[in-house]
Structure formats: C-alpha cells, structure tokens
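Chemist: Quick one: the structure is below, questions incoming.
The values are calculated or read from the model by the stated rules, or taken from the named source; none is laboratory data. As the structure is a computational prediction, the values presented were derived from the model and not from experiment. With ideal geometry, Cβ positions are generated from the backbone for all residues, glycine too; neighbour counts draw on all protein chains shown. The area values use the complete protein model at the heavy-atom level, side chains included, leaving out ligands, DNA and RNA. Shrake-Rupley method; radii C 1.70, N 1.55, O 1.52, S 1.80 Å.
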Amino acid sequence: MRLVSFHANGSHGAGILEQGGVFPLAKAGFDDALSFIAAGAKGQQRAESLVKAASARELLPVDSVRLSAPIPRPPKILCVGLNYRDHAKESNMEVPAVPTVFAKYASSVIGPGEPIVLSAATQKPDYEAEFAVVIGRRTKQVQRSQWKDYVFGYTILNDVSARDVQLATSQWTLGKSFDTFAPMGPHIVTADEILDPHALDIRLSIGGETLQHSNTRELIFGIPELIEYLSRMMTLEPGDIISTGTPAGVGLGRTPPRWLRPGEEILIQIEKIGILRNPVIAEQAAK
C-alpha cells in the first residue's frame, strides 16, 4: 500500500495509490494521513478492502491531484546524524557510540515537486538523501526484537542543511529547520511491501550527476536499535518520522565544498520506495 496526501479541487486529503489513480480515504472515514495511520490494523484493513473493491470511477486520476508531503505536519521528526560510517569520515567526526539525534521542525516539511527555498540567512545550503521510518503505533520502551510491531512504513526525506548555521554551535536543530528544508515523499510505502529495510539502494543526483550512492546496509544504527533507543526517552506516536541519516557525498565533505544553487533540481531515489524530486530556488526579498 502506498499512502499519499494531496490537493484536489480546492481541498486536501489523504489517499491510496491504486491502478494509476488515487482512492480518497475520506470515503473510508479518514480526514488525513495521520488519522489513517493512527487507526491501526483494523482501520487500515477496512480501507484496503474498499480500495480493492473500488471502481475506476471512484479513483481520482493521478494527473488531477497535486501531491503534498505524505504527512504534511508530522508530530515529531527525529533525525540521526553521522549514521553511515563513510559520512562520519568525510565530516571528520568520530563514529558515534550512541545515536546522534536532533530534531527538524514540522514547519520545514514540503512535498514532492515543491521548491527548496534558499534563505539569505545561509551561504552554505547542503543536501542529504535519507531513508525515513514512519511510526505506526503509540509506544514507549520498545524492545529491539519488537521493532516491526511499531513501523507503519517508509518514505524518503531530504535533510537539507544550512551548514554555516548548523556548525556555528553544538546544537544542530536551527540549521536543519529552515522553511522548506525537509522535502518528503512522494508517498509512504507500508512495511509489508519491504521485507528488509536494511538492504535498499539509496542515491542522490543533481543535474544528472550522482553525488550520493550507498545502501541502507551501511547504517551504523539500524531501525531496531533506533526505535529501542529513542523509545527509552520519549513516547513515539503514530506519524512520527525517524530519518536514519545520510551516506557520504554531501556538499560539506567535497573539495571544494559543493553547495546548493538556485535553478538546480535534486532527485533522490530509494529502492522499493520511489523518487523524490525538488527544484531549488532563491528566496525572494520581502517587499
């Protein structure tokens, strides 16, 4: 199942991609993606039955909707820094003994095709292709062996970063949370469609040039460890995002550094999930 959020005919809703169209989840009683995820297995099975029985007339043509981020305002976005060994090396930082966790705020989230706006407040905007986990059930203190019980699905997140702001202090959150600095999507693939999330090819390119290419098997801390670790300290809720980190190849680690520029388009592809595309534009001065 592939969950999307979309705009169509002046309204916003959530839907399931099916047979080249979108089945609006409002027909199953769900106003948005978060309510659908929070409904749990019974609600999702009911919706899936309706989707399978739906006629072509009940589907919105894909070209008639505009996709937004699959969860436009996640409850939490928890990011893991330095979680690929090669990225820690290129950043001249030690491989962490425990996960390095920071937050991105929900106000930074945008969807596929929406522009990343380069603010005048940073001169060093960078890209980061990331594999993201979507939590499906409210929980705390999860045992590592039970991690699959709490994952709804997976998506793509671009952890766009203002490196000069990020590295000006020991706290990374501000440099990670500029408006538009969390492109996400294009959809959430439910966990049943990806048997092994630790064996997925991940690639980022700009203008046809591949800048990042790795595999989730290279994660230092995998999904079981991350869910166990985070849930010790905080309650995880339906729709929370855990973005698992980025591999080597970021602009900061290149010689000379390679920063994002207006007019570019970033393409991130993760095996079994899809492609997330976002153009890059300059911030317009306030009038």
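Chemist: Looking only at the stretch 115-131, decide whether some residue is within 18 Å of the chain's Cα centre (by Cα) and more than 21 Å from Val250 (Cα to Cα).
Modeler: Checking the stretch 115-131: not a single residue is within 18 Å of the chain's Cα centre (by Cα) and more than 21 Å from Val250 (Cα to Cα).
To keep it simple, each residue is scored yes or no on (1) of a type outside the set (A, V, I, L, M); (2) surrounded by 21 or more Cβ atoms within 10 Å (Cβ to Cβ); (3) within 14 Å of the chain's Cα centre (by Cα); (4) modelled with pLDDT under 95.
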{"site": "Pro72", "(1), (2), (3), (4)": "yes, no, yes, no"}
{"site": "Cys79", "(1), (2), (3), (4)": "yes, yes, yes, no"}
{"site": "Ala103", "(1), (2), (3), (4)": "no, no, yes, no"}
{"site": "Val109", "(1), (2), (3), (4)": "no, yes, yes, no"}
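Chemist: On to the next question. Have a look at Glu209, Glu218, Glu228 and point out the one that is over 24 Å from Thr100 (Cβ atoms), more than 15 Å from the chain's Cα centre (by Cα) and not polar (S, T, N, Q).
Modeler: None of the others qualify; the one that does is Glu209.
Chemist: Let me ask something additional. Before we move on, is Glu58 of a type outside the set (Phe, Trp, Tyr), out of contact with any helix residue (DSSP H, G or I) (no Cβ under 6 Å at 6 or more places or on another chain), surrounded by fewer than 16 Cβ atoms within 10 Å (Cβ to Cβ) and free of Cβ contacts under 8 Å to residues at least 12 places away in the same chain?
Modeler: No: the conditions fail for Glu58.
Chemist: Now a separate question. Looking at the stretch 42-62, is at least one residue modelled with pLDDT of 95 or more and not in a loop (DSSP other than H, G, I, E, B)?
Modeler: No, the stretch 42-62 contains no residue that is modelled with pLDDT of 95 or more and not in a loop (DSSP other than H, G, I, E, B).
Chemist: While we're on this one: If you take the residues of the stretch 228-287 that are open to solvent by 30 Å² or more (accessible area, probe 1.4 Å) and part of a strand (DSSP E or B), which of them is nearest to Arg85 (Cα to Cα)?
Modeler: Once the filter is applied, the top-ranked residue is Gln269.
Chemist: What about Val22, is it under 21 Å from the mean Cα position of the chain (by Cα) and either not in a strand (DSSP E or B) or not aromatic (Phe, Trp, Tyr) (or both)?
Modeler: Answer is yes for this residue.
Chemist: Where in the stretch 120-214 are the strands (runs of 3 or more DSSP E), entirely inside, with at least 3 residues that are over 18 Å from Pro279 (Cβ atoms), in contact (Cβ under 8 Å) with a residue 40 or more places away in the chain and of a type outside the set (Lys, Arg)?
Modeler: 129-135, 151-158, 182-190
Chemist: Residues to consider are Arg66, Arg137; find the one that is open to solvent by 70 Å² or more (accessible area, probe 1.4 Å), touching a strand residue (DSSP E or B) at 6+ places or on another chain (Cβ under 6 Å) and on the phi < 0 side of the Ramachandran plot.
Modeler: Arg66
Chemist: Restricting the search to the stretch 188-204, which residues are of a type outside the set (Asp, Glu) and open to solvent by 20 Å² or more (accessible area, probe 1.4 Å)?
Modeler: Within the stretch 188-204, Ala191, Leu195, His198, Ala199, Arg203 meet the criteria.
Chemist: It is to be established whether one or more residues within the stretch 237-254 are within 16 Å of Ala132 (Cβ to Cβ) and either at pLDDT below 95 or among the aliphatic types (A, V, I, L, M) (or both).
Modeler: yes
Chemist: Among (1) open to solvent by 40 Å² or more (accessible area, probe 1.4 Å); (2) touching a residue at least 60 places away in the same chain (Cβ under 8 Å), there is one condition Asn92 misses while meeting the rest; what is its number?
Modeler: If we test Asn92 against (1) open to solvent by 40 Å² or more (accessible area, probe 1.4 Å); (2) touching a residue at least 60 places away in the same chain (Cβ under 8 Å), just (2) comes out false.
Chemist: Which condition from (1) over 16 Å from Leu78 (Cβ atoms); (2) in contact with a Leu (Cβ under 8 Å, 6 or more places away or on another chain); (3) open to solvent by less than 20 Å² (accessible area, probe 1.4 Å) is the one that Thr122 breaks?
Modeler: (2)
Listed here are the residues, each with its yes/no results for (1) in contact with a helix residue (DSSP H, G or I) (Cβ under 9 Å, 6 or more places away or on another chain); (2) among the charged types (D, E, K, R); (3) within 25 Å of Ile227 (Cα to Cα).
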site	(1), (2), (3)
Ala41	no, no, yes
Arg46	yes, yes, no
Val51	yes, no, no
Ala54	yes, no, no
Val65	no, no, no
Val80	yes, no, yes
Asp86	yes, yes, yes
Pro99	yes, no, yes
Ala103	yes, no, yes
